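The values are calculated or read from the model by the stated rules, or taken from the named source; none is laboratory data. Nothing here was measured: the structure is a model prediction, and the numbers come from that model. Here the Cβ is made from the backbone with ideal geometry for all residues, glycine too, and neighbour counts use every protein chain on show. What goes into the accessible areas is simple: the full protein's heavy atoms, side chains included, and nothing from ligands, DNA or RNA. Shrake-Rupley method; radii C 1.70, N 1.55, O 1.52, S 1.80 Å.
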Amino acid sequence: VLLVESGGGLVQAGGSLRLSCAASRSIFSFNPMGWFRQAPGKQRELVATIASSGTTNYADSVKGRFTISRDNAKNTVYLQMNSLKPEDTNVYYCYAHSLYDARDYWGPGTQVTISS
């Protein structure tokens, strides 16, 4: 299983980015999928998850600013990030829990940098 993130980059505080995570197989086979982030020297932390039912869950730090969504036809999960803050600077990882083998899969990560 391959998960490939895209959409990271450098933006100013207050700006927006949309991350995409393309899976190598149908995302119906994953539940949930989501995004985590990790700064150097820190633990990886949950950003948002989305279940196959569409139910979403967000970290308190991003509620109201980030939106996770999925496009089953494109086998892609998105993370729309608005009102970005310097503390959102992290490497963002796509995550998927496989229903086939009960394993967790991760993408290689995409860097998001917010300048003040």
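Determine, yes or no, whether residue 84 is assigned to a strand (DSSP E or B), out of contact with any Pro (no Cβ under 7 Å at 6 or more places or on another chain) and of a type in the set (A, V, I, L, M). For residue 84, the condition - assigned to a strand (DSSP E or B), out of contact with any Pro (no Cβ under 7 Å at 6 or more places or on another chain) and of a type in the set (A, V, I, L, M) - is not met. Residue 101 meets all of the listed conditions (1) over 12 Å from the mean Cα position of the chain (by Cα); (2) assigned to a strand (DSSP E or B) but one, namely (2).
Within region 1-50, being among the β-branched types (Val, Ile, Thr), outside any strand (DSSP E or B) and open to solvent by 60 Å² or more (accessible area, probe 1.4 Å) holds for one residue alone: 1. Being more than 23 Å from residue 40 (Cα to Cα) and open to solvent by less than 50 Å² (accessible area, probe 1.4 Å) holds for only one residue in 89, 55, 76, 67, and it is 76.
The requirement of being closer than 30 Å to residue 116 by Cβ, part of a strand (DSSP E or B) and out of contact with any Ser or Thr (no Cβ under 8 Å at 6 or more places or on another chain) is satisfied by residue 94. Just a yes or no: is a residue in region 100-109 of a type in the set (Phe, Trp, Tyr), in contact (Cβ under 8 Å) with a residue 40 or more places away in the chain and either closer than 19 Å to residue 15 by Cα or out of contact with any helix residue (DSSP H, G or I) (no Cβ under 7 Å at 6 or more places or on another chain) (or both)? Yes, region 100-109 has at least one match.
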